[in-house]
Structure formats: structure tokens, C-alpha cells
Amino acid sequence: MRYQGLLQTYREHLPVNENTPLLTLQEGNTPLIHAENLSEELGLNVYFKYEGLNPTGSFKDRGMVMAVAKAMEEGSRTIMCASTGNTSAAAAAYAARGGLNCIVLIPNNNIALGKLAQAMIYGAKVIAINGNFDRALEIVREITAKHPITLVNSVNPFRIEGQKTAAFEVIEQLGEAPDVLAIPVGNAGNISAYWKGFKEYKEAGKSSTLPRMVGFEAEGAMAIVKGEPILEPETVATAIRIGNPASWKTAVAAAEESGGQINYVTDEQILTAYRTLASREGIFAEPASAASLAGVYKLKSEGYFKGGETVVCVLTGNGLKDPNIAIKTVATEPLVVEDTEEAVMAAIAQLEQQ
Ligand code: F0G
């Protein structure tokens, strides 16, 4: 049967009732790709949960379909969020689909161009503030508390409900929970959602084990690792450029209860993993996503693994959202030559020598 979307597929595990519209853009149902080359290199059984193949190109679609469906059920006309880009793209798309208005607040000059393009083309009202994500979220919380506007950041519990379905899929795809789940941490909603999903599916008898949850912040934004908010977070991975994560406590609980940890990776480690993913496995994910693989490399170098563990790295967003970083990272312009066979053959020879 044709895939029906998350709300229909997992309705028994979600706050879906007869009044909830079964909104869908066919989100979820994303592939779990085995890392053929890196598994061998790392001595692990590595998989990528490739969330970049969701309808707006990130995992945010899972939570947004649920949050927007509930907003519609409650008769809301307008939704609003703060975003480093992906949440706004998802909110704008599902609002368009559901016939709602959408307002998004973004940090000026600090979101990837593709994400901005998405929010605009889906018809959201896009406002860029001279401030960072944390400040944008504060403002959104203030406005939505005073006006009849539904907040759709992950502090909205329906977002977490939708996002937990990724853990269900991982269990279904592997036949059981992995040993370790590696995931980027920004506002910390997703690690909280996965942990909730794994626990619920274990309780439902779908897996006999639970994974260790290992989350990775970017070094310049490692509030949880440091134990205090970062006032001016900075990282090349703009999606996780967040200094005061809203789901801080539940993220720490996920790490502690599961016997995992919240750790950090440097921008250099993120960019190395980002290139490795593309050049060794053929997967183009955005920089923030590569924090999960960068983290696995870091843990490996620290002797964390005994060898052979099944490790699922969550790749949260599609690399095409941020082509500028890819072009900058490779640091070479394409070779431009005359339009003759000889010139092209000479160029190939030249490139082969590099
Ligand atoms: N990866 C990507 C690509 C993201 O866009 C985000 C968060 C994360 C990881 C971190 O997930 O916040 O649940 O810990 N992006 C949000 C946004 C903040 O506005 O799109 P988290």
C-alpha cells in the first residue's frame, strides 16, 4: 500500500484522534544507509539515518507535521517559530499545505541560503533579527504567550511527539535498537525525541534493548557540555549555533538514563566528517548533520568502542541547503578550459596529477 505519512502510520503512538487532520507531505520513512566504507575503517557497524530526504530536507518535518496538524485541530490560524533555518522551512511548508499563516524569526546573516529560499517560496512572513537564535526564541515565546498564535518550536510538545517516530523507524529498519545512537545537539529537542521514541518502542515490545545516546554540540556553542549558556555561540554549523538549548534538561536526562553522554566537536572535526561523508559514502548532508559522524570519530579516538558495535548516526539535514559551505570547503574552483576535446583531455591530465 502507498505510504500514508507519519500521522497515519504511527497514529496509535501519537496524539492523533478523530478530529486531527491527517496532514502529510509524505514525511518520514527515510532510509537507514549502511556505511560500507566507514564501517570497515572504524571497526564498527555504522548506519546513517538520512533525514535529509524528508520533504523539506530535514528531520523537522516529522515534528512539524504533528504540531501543525494539532494547531489546525485547535482552530489556530497562525503559527510562529524562531529558527536557524530548517524549522522555518518545515513550518512554512506545512502551514502552506494546511492553509495557515506562518511567521518565522531568524538570526540575520546566520542561516543557510537554501533554507531562507524555502521559507520565502512557501510563503512565510520572514523576519530577520539583529540577534541570535536564542534571542529569537525568547521573542517568539513572548509574542505567542500574548497573542492567538501557535508556537511551533520544539518547546511545543507535539513537535517532540512527531520527531520520536525516527526512533521507531530505526528499530523497524534494524530489527532492534542499535548499541549507540549518535546525534547533533542544538536546541536539544531531537535527542530528547529519539530517547522518548526508543523507550516507548521498547515498552511496546518492539525492541529488547535501548541504545546509548551520544549527542554532540559544536565547540563554539557547547552550553550543555560547559554547564552554562553561551552568550555568543559561534560555529560553521549554523543549524546548531545555539547557546541556550530549550530542551537542555531532557537532553541531559537522555544521555544519563541511557548511559551515553553529551560531548562536543570542533568546526574542523565537523568539516572533516562532512567531506568524508560525501567523498567516502556518497552522502551529502549539511555541516550540522556531520557532527554525529565527527563525534563517532572522536569517541573512537578516545577508545570508547570495544569494536563491532552497531552505531546509527543521525544525518539531520540535506547538504544542498548550504551549497556555499561545500564550495568553500573544497576550496578549488572548477577548471575552466576551451571547448575542445584536446583542452578537456589536457585538463583531465592536469587534475589527475593533483
Ligand atoms: N541538525 C540540523 C540540520 C538542525 O537544523 C538542527 C536544529 C539540529 C541538527 C539540532 O537539533 O535543535 O533538536 O537539537 N535546527 C533548529 C532550526 C534549531 O531552527 O532549524 P535540535
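The values are calculated or read from the model by the stated rules, or taken from the named source; none is laboratory data. All of these numbers come straight from a predicted model, not from anything done at the bench. A quick note on method: Cβ atoms are made from the backbone with ideal geometry, for glycine too, and the neighbour counts reach across all protein chains shown. Accessible surface areas use protein heavy atoms only, side chains included; no ligands, DNA or RNA. Shrake-Rupley method; radii C 1.70, N 1.55, O 1.52, S 1.80 Å.
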Unique match (being of a type in the set (Gly, Ala, Ser) and within 16 Å of the ligand (Cβ to nearest atom)) among GLY205, GLY259, GLY220: GLY220
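Taking the range 245-287, which residues are polar (S, T, N, Q), more than 26 Å from HIS34 (Cβ to Cβ) and surrounded by fewer than 21 Cβ atoms within 10 Å (Cβ to Cβ)? Before you say what the answer is, go through the steps one by one.
Initial filter on the range 245-287 (polar (S, T, N, Q)): 247, 250, 258, 261, 263, 266, 269, 272, 276, 279.
Then drop every residue that is not more than 26 Å from HIS34 (Cβ to Cβ), which leaves 247, 250, 266.
Selection gives THR250, THR266.
Residue-by-condition table, conditions (1) over 17 Å from VAL46 (Cα atoms); (2) at pLDDT below 95; (3) more than 18 Å from the chain's Cα centre (by Cα):
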position	(1), (2), (3)
GLY243	yes, no, no
THR250	yes, no, no
PHE284	no, no, no
LEU293	no, no, no
PHE305	no, no, yes
CYS313	no, no, no
THR329	yes, yes, yes
GLU341	yes, no, yes
Residues of the range 232-272 satisfying the condition of being in contact with a strand residue (DSSP E or B) (Cβ under 7 Å, 6 or more places away or on another chain) and of a type in the set (S, T, N, Q): THR235, SER258, GLN261, ASN263
Members of the range 225-238 found to be aliphatic (A, V, I, L, M) and either open to solvent by 20 Å² or more (accessible area, probe 1.4 Å) or more than 13 Å from the ligand (Cβ to nearest atom) (or both), listed by number: VAL225, ILE230, LEU231, VAL236
Residues that are buried (at least 18 other Cβ atoms within 10 Å of the Cβ) and within 18 Å of the chain's Cα centre (by Cα), drawn from the range 111-124: ILE111, ALA112, GLY114, LYS115, LEU116, GLN118, ALA119
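Please go through the range 319-354 and pick out each residue that is part of a loop (DSSP other than H, G, I, E, B) and open to solvent by 60 Å² or more (accessible area, probe 1.4 Å).
Narrowing the range 319-354 to residues part of a loop (DSSP other than H, G, I, E, B): 322, 331-340, 353-354.
Once the filter is applied, which keeps residues that are part of a loop (DSSP other than H, G, I, E, B) and open to solvent by 60 Å² or more (accessible area, probe 1.4 Å), the range 319-354 yields ALA331, THR332, GLU333, PRO334, LEU335, VAL336, VAL337, GLU338, ASP339, GLN353, GLN354.
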Where a residue in the range 142-165 is closer than 18 Å to LEU6 by Cα and among the acidic types (Asp, Glu) and its partner, wherever it lies, is within 14 Å of the ligand (Cβ to nearest atom) and open to solvent by 10 Å² or more (accessible area, probe 1.4 Å), with Cβ under 9 Å and at least six apart: GLU161/LYS196
Qualifying residue in the range 222-234 (condition: β-branched (Val, Ile, Thr) and within 21 Å of VAL155 (Cβ to Cβ)): yes
Criterion: of a type in the set (A, V, I, L, M) and in a strand (DSSP E or B) - qualifying residue of VAL311, VAL296: VAL311
Residue that is farthest from the ligand (Cβ to nearest atom), among those in the range 171-194 that are closer than 25 Å to ARG11 by Cα and more than 15 Å from the chain's Cα centre (by Cα): GLY175
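Condition check ((1) closer than 22 Å to ALA288 by Cα; (2) crowded, with 21+ Cβ neighbours inside 10 Å) across all residues:
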| position | (1), (2) |
| --- | --- |
| ARG135 | yes, no |
| ARG141 | no, no |
| PRO148 | no, no |
| PRO157 | no, no |
| ILE160 | yes, yes |
| GLU172 | no, no |
| ILE183 | yes, yes |
| ASN187 | yes, yes |
| ALA204 | no, no |
Residue check, PHE168 crowded, with 20+ Cβ neighbours inside 10 Å, out of contact with any Leu (no Cβ under 9 Å at 6 or more places or on another chain), of a type in the set (A, V, I, L, M, F, W, C) and more than 19 Å from PRO245 (Cα to Cα): yes
Tally, over the range 312-329, of residues that are without any contact (Cβ under 8 Å) to a residue 12 or more places away in the chain and among the aliphatic types (A, V, I, L, M): 1
